[in-house]
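Below: the structure, in structure tokens.
The values are calculated or read from the model by the stated rules, or taken from the named source; none is laboratory data. Computed from a predicted model, the values in this text were never measured in an experiment. A quick note on method: Cβ atoms are made from the backbone with ideal geometry, for glycine too, and the neighbour counts reach across all protein chains shown.
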């Protein structure tokens, strides 16, 4: 049951809002930047991506790469490719690696923070606080000031063993990317 007591899952109302041309900023304030630039034909695809459909996520990422129905945005493309990859789409993971190799450092930081937000809030994926903490840790290490409060909030609800696992994953990701960006597909925090 959702907060209104209607029994309608939050993601369904978000998908309905998108399909009807509305931006669901009240329910998912962190998503406004991901959906506000979508042309009406892309909104249904976006709703499916937010609901967890890996094929829709990869397709939406391709739309962001090409600027087809949305403003061209490599950061959003990588984010959706990573989310699709976390759902098992290996080609999406490879696409994320290819694009990520050409991002500027500030864009990479945005990818990390956005992924932390999506895993924390369960946007397009199952809610996974360990993965969220890992991505926020990477953003913090790169100097993203938004990451520190996000990490502190997560530490209030996570077990110490979960925080330790998340830190281990972030460290492993960082170590692997010192030697080769191609290891991204092996170290993306996965759904559990």
Tell me, please, whether a residue that is touching a helix residue (DSSP H, G or I) at 6+ places or on another chain (Cβ under 9 Å), under 23 Å from residue 136 (Cα atoms) and either surrounded by fewer than 20 Cβ atoms within 10 Å (Cβ to Cβ) or at pLDDT 60 or above (or both) can be found in the stretch 35-47. no
Going residue by residue through the stretch 156-165, is there one that turns out to be part of a helix (DSSP H, G or I), under 25 Å from residue 90 (Cβ atoms) and either under 12 Å from the mean Cα position of the chain (by Cα) or modelled with pLDDT of 95 or more (or both)? yes
Mind counting the residues in the stretch 118-129 that are buried (at least 23 other Cβ atoms within 10 Å of the Cβ) and assigned to a helix (DSSP H, G or I)? 2
Checking the condition modelled with pLDDT under 95 and surrounded by fewer than 24 Cβ atoms within 10 Å (Cβ to Cβ), which residue from 149, 105 passes? 105
